[in-house]
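Here's the structure we're looking at; comments come further down.
The values are calculated or read from the model by the stated rules, or taken from the named source; none is laboratory data. Here the structure is a predicted model, which is why all the values come from computation and not from measurement. Positions of Cβ are generated from backbone atoms using ideal geometry, with glycine treated the same way; all protein chains shown enter the neighbour counts.
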DNA sequence: GCGTTAATGCAAGAGTTTTCGCGTTATAGT
DNA sequence: ACTATAACGCGAAAACTCTTGCATTAACGC
């Protein structure tokens, strides 16, 4: 018999909040379970039993964050949909929190192991594909999903990881570049 | 009076080799200074004194790896130069080692802190700019450095980080896309 | 409510990591 | 070759991380 509600839910929320808070002030490797325990008021033994390691805890935080991610737009024209989507990707990359979460994702890469995209990642790809399908049904010239990821999403992540996050309005430039590539092909 | 030569150089090489070797078999968080000390035959106190932390040690490994990075090509046509460069970026991303090193770079991102690109990164950008300048002097239509990074480099890193590294020959596709963007602008 | 027991708190202890003082080695300058 | 001392090795101690057994709390089904 599992008991996800009440106290357990409170503990989970407190620990997540403390972890995110500490993540703003320290780098990943400086964090420790005892630190999160201290900051959250939850006993360290509880954290070890529920999450095992600091890495496991961060995974759980990331999962929850991904889950609350907003749905994709369905505005009307492909360009507007893409603009809304690109802005939706670029905006959270502005906040300090998300590069940190991204970092946690990168950390999960294991040597020699085939990387399996997370469930939320796959779900997001499927939503994007549906957006493209809708546009194609309307008779618009559409890019492939791969092109969308390479031309719009990849630069956003690249900037966020390796220099400064791109301003949100700059993401429009990427969308127009994508549409140019598509148009030229026709 | 510093003493970089002789024994110190030997110690550095041994420790680096051991760290890289262990990095192939274990994930980042499993590594520890005592492990590297054991594997390298160097006393752990020495590692702590010279590098401080496991993270600092990996930084040093990355620095050395970047430093020995090959020079950029100067083949003749911009397209050939870009193809050679793209392949030079894509190839090491195939090896297991480099995603790990990349991971170490990402780890270095500190919360809230202005990210300052590493010296090798800046140097590399300068080399690229020179490549573009040479092509422009020859009268070719050239992309900006930002376009090169966004359209060619960013997708390569994106694939390597979030799914599977792109096959080297696929990088040609990215180069041609870049040149298409440039040509269309003219 | 009431009872069962999952989940947490607590504290001791086992295991690891990191530091430190001191003796030894061997590099770099003379 | 000789000297001064940077860099290293060593071992013990300090600090920290993680585990474990038992007591306590409170969620969920009745």
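Condition check for residue A:76 on (1) at negative phi; (2) not assigned by TED's automatic domain parsing to the domain that holds residue A:16: one failure, at (1).
Quick grid of which residues meet (1) in a helix (DSSP H, G or I); (2) near DNA strand C (Cβ under 9 Å from one of its atoms):
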{"position": "A:1", "(1), (2)": "no, yes"}
{"position": "A:17", "(1), (2)": "yes, no"}
{"position": "A:23", "(1), (2)": "yes, no"}
{"position": "A:29", "(1), (2)": "yes, yes"}
{"position": "A:35", "(1), (2)": "yes, no"}
{"position": "A:39", "(1), (2)": "yes, no"}
{"position": "A:42", "(1), (2)": "no, yes"}
{"position": "A:45", "(1), (2)": "yes, yes"}
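Of the helices (runs of 4 or more DSSP H) lying entirely inside region B:69-183, those carrying at least 2 residues that are touching a residue at least 12 places away in the same chain (Cβ under 8 Å) and buried (at least 18 other Cβ atoms within 10 Å of the Cβ) are B:78-94, B:97-107, B:119-137, B:154-162. Residues of region A:47-61 that are loosely packed, with under 15 Cβ neighbours inside 10 Å and touching a helix residue (DSSP H, G or I) at 6+ places or on another chain (Cβ under 8 Å): A:53 alone. The residues listed here are B:63, B:32, B:40; of these, the one that is over 18 Å from residue B:165 (Cβ atoms), away from chain A (no Cβ under 14 Å) and within 16 Å of DNA strand D (Cβ to nearest atom) is B:40.
When every residue of region B:120-142 is checked against the conditions, at least one turns out to be within 9 Å of chain A (Cβ to nearest Cβ) and closer than 29 Å to residue A:102 by Cα. Of all residues in region A:147-170, those satisfying the criterion of being more than 9 Å from chain B (Cβ to nearest Cβ) and modelled with pLDDT of 95 or more are A:148, A:152. Does residue B:93 meet the test of being within 30 Å of residue B:139 (Cα to Cα) and more than 10 Å from chain A (Cβ to nearest Cβ)? So residue B:93 fails the test. All conditions but one from (1) touching a helix residue (DSSP H, G or I) at 6+ places or on another chain (Cβ under 8 Å); (2) at the interface with another protein chain (Cβ under 8 Å from one of its Cβ atoms); (3) farther than 27 Å from residue B:185 by Cβ apply to residue A:174; the one that does not is (3). All conditions in (1) surrounded by 14 or more Cβ atoms within 10 Å (Cβ to Cβ); (2) more than 30 Å from residue A:162 (Cα to Cα); (3) without any contact (Cβ under 8 Å) to a residue 12 or more places away in the chain hold for residue A:13, with the sole exception of (1).
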